[in-house]
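Chemist: One structure, as C-alpha cells, below. Some questions next.
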Amino acid sequence: MKVQSVINQAQSLMDSENYEQAYGVLKSVYEQYPQDKDLLEKLALSAKILELESDAQEYFEQLVNIDPSNTVALSELQDIYLHSNKYKYYISRAKNKVIQGNLLQAIPDYKKAIDNTINDLEIRDARMLLAKAYEFCNKKQQSIDELYKVLDLGVDVSVYYKLVELVSDEDKVAGVDVLSRAISEFPEEAGLKELMAALLIDTNQLTNALEYAQSDYTKAKIYLMQGDDDAAFSILQKIEDKKNVKYLLLIAEYYYNKKEIENCEKAVGEFAALDPQNPLAYQMRALVEEEKDNLAEAHYNWGKFYLIKSDNLMAINEFLQAHNIDSKSAKIIKEIIKINENSKDTASLVEFYEKLLSVEPDNVQALEKLGDFYFDMYEFKVALSYFERLDNQKQSDSSALLKLAKCHEKMKNNSAARECYQKYIDTAPVSTQTEAIKAKLETLSGDSCAQDEGLLEKLLGLFARK
C-alpha cells in the first residue's frame, strides 16, 4: 500500500474523530517510510491529540531533522519544550523567527538558550547559530567573537574556515594570524595551507606564500609574480587540463611577461570565452592593448574591467579617456550612454546620443531617446525630425507613427496627425488602443488642435519612460 493512501485513510479516520485507529494505521507503515515528511507530521499531530507527548515530541524532532524549516514542527516543539527544556525551547523559538525573516529577534533567543544549559555541545551548537545570525545581520565582529568562543569549547577545522573568511574580509593580515593558529592545530589540512598561500599573496608575502602553496596553479602564480617566468612555465607545462580558466589566465600572464603578445591574446580570448564576465579578461586585454600602444582600446577594456567590479566612477573615467582618443567608436559611446542612463544624467545622455547618431545615423534607440527628450522640452519641431527618421527605419515598430502624430498635434498640423494615426490603424491589430485612436480621429478637424487628449494619452502611454 502506498504511503499516501495510508495518510489519506488516517485523515478520514481523524475527520470522524477515530484518533486511536488513525494513529495505529499510521504507525503500521512508519518503519517502511521513516523519512516521509507527511507521514511524520500526521503521526506527530495524532500523538499530540491523544496526549502522547513523548511520542509527539519524538516524531516532531525527526521531522525537523529531515525538514529544518518545517514551521509546524518547530512551533509544536516550542510548546512542548516550554516547561520541559528551556534550552530547546529558545532554540526552536529562534529558528522559527529565522524562518520568518526576523533574524535580529532570533539573536536574544540564542543567547537565552546558551544561558539555559551547561552542556558544552549544546552551547557550541547555539553559538554557531548565533554567529550565523550575527553574520546575516551584518554584525561581523560579533559573529567573529562567537566563533572564537566556539573554538574555546574544542577545535574544529570547519569553524576555522569560517573564521578566516570573516576575519580576512576585514583585515587580511589578521586572517593570516588566524590561519597560523589553524594550521598549528591541523598541520595536515591542505586546504588551510592553500588558503594561507592566497592570503600571503594578497599581502605581498610571496616567499612565505610559496612555502604554503599546495596547487600547481598557486605555485605558478607566485613564480610569475616574483618574475621567475621559467619556473612558472615549467609548472604550467605539467598541467594536463589546458582548457580551464586558471591555466589559461596564468599562461596568458606568462606570455605577457615574455612579450609574446599574439600568444597572450589567444590565451586571453580562450579564457574570456569560458568566463566572459571575469574582470581579469578585460584587465589582461587592457594590458595587451597598452603594449600594442592602442590606447583607446586599452582605456575601453579598463572601463569594462571597472564596470564588472561595480566601480562606475572609474569606469566612466576610462571610457571618457577612450572617447577622447577615438571619438568615432560607437562601442565606447554606447558604454558611456549605459552608465549615464543609470545615473540619470540627462545632459550627458543627450550629448552622447547625438554623438552616437553621428557615427550610426540609423540607430533606433538614439532616435527615439532624442525625440522623447526634445518632445518633453516642448521643442516639437526638433522632436519631429527624430521621429521622422525613426519612422523611416525598417526595424522600428509602428509606435513611431504615434510619436509622429503627437508631434504634429502639438504643432497644430492636424492633417499630418490624422495621416499618421490612420497609417497606424491600417497596420496595427485591433485593440483598445486602436479604437481610441479611431475616436481621436473624429475630433481632429481643420488645422486646430483638439483639446480632449487625456483619455488617448492614458491609453497610449506614448511617452512613458522605460
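The values are calculated or read from the model by the stated rules, or taken from the named source; none is laboratory data. Everything numeric in this text was worked out from a predicted model, so none of it was measured. FYI the Cβ positions are ideal-geometry reconstructions off the backbone, even for glycines, and counts take in every protein chain you see.
Chemist: From Glu58, Glu51, Glu76, grab the single residue that is acidic (Asp, Glu), part of a loop (DSSP other than H, G, I, E, B) and either in contact with an Asp or Glu (Cβ under 9 Å, 6 or more places away or on another chain) or over 23 Å from Arg127 (Cα atoms) (or both).
Modeler: Glu51
Chemist: Still on this model: Regarding Ser92, is this residue crowded, with 20+ Cβ neighbours inside 10 Å and either among the small types (Gly, Ala, Ser) or on the phi > 0 side of the Ramachandran plot (or both)?
Modeler: For Ser92, the condition - crowded, with 20+ Cβ neighbours inside 10 Å and either among the small types (Gly, Ala, Ser) or on the phi > 0 side of the Ramachandran plot (or both) - is met.
Here is a yes/no grid of residues against (1) within 30 Å of Lys132 (Cα to Cα); (2) at pLDDT 95 or above:
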residue: Asp169; (1), (2): yes, no
residue: Phe186; (1), (2): yes, yes
residue: Thr207; (1), (2): no, no
residue: Lys219; (1), (2): no, yes
residue: Ile222; (1), (2): no, yes
residue: Ala231; (1), (2): no, yes
residue: Val268; (1), (2): no, yes
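Per-residue answers, yes or no, for (1) crowded, with 23+ Cβ neighbours inside 10 Å; (2) modelled with pLDDT under 95; (3) out of contact with any Ser or Thr (no Cβ under 8 Å at 6 or more places or on another chain):
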residue	(1), (2), (3)
Lys97	no, yes, yes
Leu103	no, yes, yes
Ile107	no, no, yes
Lys111	no, no, yes
Thr117	no, no, yes
Met128	no, no, yes
Ala131	yes, no, no
Phe136	no, yes, yes
Gln142	no, no, yes
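Chemist: Determine whether the range 111-128 contains at least one residue that is among the hydroxyl-bearing types (Ser, Thr, Tyr) and part of a helix (DSSP H, G or I).
Modeler: Looking through the range 111-128, none of the residues is among the hydroxyl-bearing types (Ser, Thr, Tyr) and part of a helix (DSSP H, G or I).
Chemist: Also, I was wondering about something else. Which residue pairs have Cβ atoms under 7 Å apart, sit 6 or more places apart or on different chains, and have a first residue in the range 402-414 that is more than 15 Å from Met377 (Cα to Cα) and a second that is of a type in the set (Ser, Thr, Tyr) and at pLDDT 85 or above?
Modeler: As it stands, the answer is Ala405/Tyr421, since those pairs meet every condition given.
Chemist: Restricted to the range 129-161, and to residues that are polar (S, T, N, Q) and not in a loop (DSSP other than H, G, I, E, B), which residue is farthest from Val98 (Cα to Cα)? So that I can check it myself, show each step before the final result.
Modeler: Just the residues of the range 129-161 that are polar (S, T, N, Q), to begin with: 138, 141-143, 158.
Cutting the leftovers down to not in a loop (DSSP other than H, G, I, E, B) gives us 141-143, 158.
Working: Gln141: 20, Gln142: 18, Ser143: 16, Ser158: 22 Å.
Per the criteria, the residue is Ser158.
Chemist: Please verify whether Tyr90 is of a type in the set (Phe, Trp, Tyr) and in contact with a Lys or Arg (Cβ under 7 Å, 6 or more places away or on another chain), treating the condition exactly as stated. Walk me through how you get there before you give the answer.
Modeler: Details: of a type in the set (Phe, Trp, Tyr): yes; in contact with a Lys or Arg (Cβ under 7 Å, 6 or more places away or on another chain): yes.
Here the answer is yes, as Tyr90 does meet what is asked.
Chemist: Right, something else. Which residues, taken from the range 354-375, are charged (D, E, K, R) and assigned to a helix (DSSP H, G or I)?
Modeler: Answer for the range 354-375, where residues must be charged (D, E, K, R) and assigned to a helix (DSSP H, G or I): Glu354, Lys355, Glu368, Lys369, Asp372.
Chemist: Anything in the range 199-234 that is of a type in the set (D, E, K, R) and closer than 27 Å to Leu166 by Cα? List them, or say none.
Modeler: Asp202, Glu211, Asp216, Lys219, Lys221
Chemist: Something else: I'd like to check something: does the range 12-27 contain any residue that is under 30 Å from Glu122 (Cα atoms), among the polar types (S, T, N, Q), out of contact with any strand residue (DSSP E or B) (no Cβ under 8 Å at 6 or more places or on another chain) and free of Cβ contacts under 8 Å to residues at least 60 places away in the same chain?
Modeler: no
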